[in-house]
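The values are calculated or read from the model by the stated rules, or taken from the named source; none is laboratory data. Nothing here was measured: the structure is a model prediction, and the numbers come from that model. Because the Cβ atoms are built from the backbone with ideal geometry, glycine has one as well, and the counts that use them run over all protein chains shown. These area figures cover heavy atoms from the full protein model, side chains too; ligands, DNA and RNA do not enter into them. Shrake-Rupley method; radii C 1.70, N 1.55, O 1.52, S 1.80 Å.
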Amino acid sequence: QVSAALREGGVSPTELCQRCLSLIKSTKFLNAYITVAEETALKQAEESEKRYRSGQPLGVLDGIPVAVKDNFNTAGIETTCASNMLKGYISPYNATVVQKLLDQGAVLLGKTNLDEFAMGSGSTDGVFGPVRNPWSYSRQYKEKSVSKSHSEDEESNWVITGGSSGGSAAAVSSFTCFAALGSDTGGSTRNPAAHCGVVGLKPTYGLISRHGLIPLVNSMDVPGILTRCVDDAAVVLGLLAGHDPKDSTTIQDDFKPFELPNLPDVSKLSIGIPKEYHAPALSSEILALWSKAADLFKNAGAKVTEVSLPHTCYSIVCYHVLCTAEVASNMARFDGLEYGHRSDMNKSTESMYAATRREGFNDVVRGRILSGNYFLLKQNYENYFIKAQKVRRLIANDFLKVFRSGIDILLTPTTLSDPVPYREFIKEDNRTRSAQDDILTQAVNLAGLPAINVPAALSERGLPIGLQFIGRSFQEKQLLTVAKWFEKQVKFPIIQLEEVQRHVQDVFQHQKSASFS
């Protein structure tokens with residue numbers, strides 16, 4: 001709709017960009033952005049305006065404001081990974097996905113907040129402070145939360161966004177941009193999407209280039225897409241997917257962008273409900289919603305079957321071993337010599353290395369490096385790393401068997417509960433929290449499959465709950481078609497934020513939805 005409004009002259013790219021920038025300022029308390037590239041964004045919007053005037057827009061994304069998680073390299077704009085290690089670092093090149101967005105005329109508003117080096121599930125552990133969930137300030141949540149004195153209530157009751165792409169999810173949810181990039185290693189796009197009431201797509205491993213995404217776990221990292229509706233996710237995927245000579249893990253075949261049917265039909269589909277995802281800590285609300293969603297498919301004529309993924313119970317341990325081992329390897333590059341922070345310690349090269357890494361990394365990153373190096377020690381390598389690789393194969397085979405048995409899509413919860421208050425969340429350490437919060441999402445990364453979070457309902461506390469759809473490898477079209485059908489059935493409510501509503505009404509008095517497809 002925004003794209004159509006730009007084409008028809010209902011709103012200009014500069015006007016749209018200015019509205020988003022002013023909205024970023026008025027929602028600064030959310031801490032969604034680390035860097036706002038105001039000057040660059042306005043220049044890009046002006047260029048877009050010239051193209052529209054001459055009747056030559058570059059495509060659907062021309063003039064559309066977007067945001068990018070701060071672990072993607074951006075030429076001329078600081079890339080920090082929310083760490084002291086990279087404060088002030090400006091990359092000489094753009095990540096492939098960023099370049100593709102710019103080539104399509106998208107307007108890059110800025111870089112969004114995250115857990116340091118994307119290690120976490122709350123977006124609370126970055127050096128720039130935690131991200132606040134926009135739903136904490138929504139009318140829906142305020143009406144349901146027990147009121148103390150108003151200001152004290154807001155200050156203590158705000159809830160987390162989930163992580164690690166919490167900044168991107170909050171940016172999309174609060175209407176400051178129309179789409180955002182996240183990264184997904186164990187659920188880092190789907191988890192915050194569920195908590196912020198937006199669509200979060202993790203594509204098949206190898207479908208989108210990782211070149212320029214600062215790596216966490218090379219064998220699992222995937223750029224993720226956050227939007228306000230499934231159609232938008234399909235549009236962005238169509239523009240980003242395909243082979244990249246700079247990333248040898250991308251597919252060799254050309255990717256053909258697709259349009260989703262307006263009236264999707266799910267009657268011929270077979271939906272699998274994995275019994276192992278009925279985790280002990282799953283809230284009764286989410287369990288009821290999951291069951292209700294299965295009934296929706298059944299009533300629409302789809303075949304709904306309980307299936308088993310027997311090695312799921314080992315996946316979180318397997319993920320932890322492989323994740324920390326690759327982290328230990330990837331973090332070795334931050335030594336104070338080539339880029340990033342460098343300590344003043346000059347007794348010896350070794351002491352400079354040690355001091356640089358002690359000053360540059362937080363406890364979470366250092367803890368994961370230590371764990372990873374332990375698993376990679378000669379005497380532990382066979383028992384931990386190799387064994388975890390074998391278990392990873394078993395987990396991937398579980399999914400293969402289920403899909404070969406005729407199941408088209410798996411339906412699961414995305415998170416164990418609705419978003420928790422920040423004060424509650426920080427009572428447990430990062431590792432414990434990540435192990436709990438990634439339990440329903442990380443097996444998909446181990447298997448390299450596509451998955452999407454679709455916002456499904458509001459909890460009793462007035463906060464978003466999402467459900468996850470898992471598809472077959474490279475079958476994004478089928479996955480997104482099912483997700484779109486489900487989205488149409490549930491009619492998830494729009495967030496009611498006073499700051500946002502004022503701006504949105506100004507831009508689109510005649511339009512209620514906020515999509516650009």
Exercise for the section: Would you confirm whether any residue within the stretch 188-204 is over 30 Å from VAL420 (Cβ atoms) and not in a helix (DSSP H, G or I)? Expected result: yes
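Go through the stretch 280-371 and tell me which helices (runs of 4 or more DSSP H), entirely inside it, have 1 or more residues that are under 30 Å from LEU467 (Cβ atoms).
284-299, 312-330
Go through the stretch 1-28 and give me each residue that's open to solvent by 50 Å² or more (accessible area, probe 1.4 Å) and at pLDDT 95 or above.
Result: GLU15, GLN18, ARG19, LYS25, LYS28.
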Exercise for the section: Kindly indicate the residue of the stretch 147-164 that is within 28 Å of the chain's Cα centre (by Cα) and of a type outside the set (A, V, I, L, M, F, W, C) and also modelled with the lowest pLDDT among those meeting that condition. Expected result: GLU154
Handout entry: Residue match in the stretch 371-378 (condition: more than 29 Å from PHE474 (Cβ to Cβ), within 28 Å of the chain's Cα centre (by Cα), among the hydrophobic types (A, V, I, L, M, F, W, C) and loosely packed, with under 14 Cβ neighbours inside 10 Å)
Key = no
Practice task
Identify the single condition in (1) in contact (Cβ under 8 Å) with a residue 12 or more places away in the chain; (2) at negative phi; (3) assigned to a loop (DSSP other than H, G, I, E, B) that GLU276 does not satisfy, given that it satisfies every other one.
Solution key: (3)
Fill in the blank from the handout: The correct count of residues that are within 18 Å of ARG132 (Cα to Cα) and among the basic types (Lys, Arg) in the stretch 179-227 is 1
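Any residue at all in the stretch 204-213 that is in contact with a Lys or Arg (Cβ under 6 Å, 6 or more places away or on another chain) and closer than 18 Å to VAL66 by Cα?
No: zero hits.
Each row is one residue, and each column tells you yes or no for (1) among the β-branched types (Val, Ile, Thr); (2) in a strand (DSSP E or B); (3) open to solvent by 10 Å² or more (accessible area, probe 1.4 Å).
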site	(1), (2), (3)
SER183	no, yes, no
GLY186	no, no, no
ARG210	no, no, yes
PRO223	no, yes, no
PRO257	no, no, yes
Exercise for the section: Quick one: ASP253 ticks every box in (1) touching a residue at least 12 places away in the same chain (Cβ under 8 Å); (2) under 18 Å from GLN475 (Cα atoms); (3) open to solvent by 40 Å² or more (accessible area, probe 1.4 Å) except a single one, so which number is it? Expected result: (1)
Problem - Subset of the stretch 56-109 (residues that are modelled with pLDDT of 95 or more, small (Gly, Ala, Ser) and in a loop (DSSP other than H, G, I, E, B)) - result: GLY63, GLY76, ALA82, SER83, ALA95, GLY105, ALA106
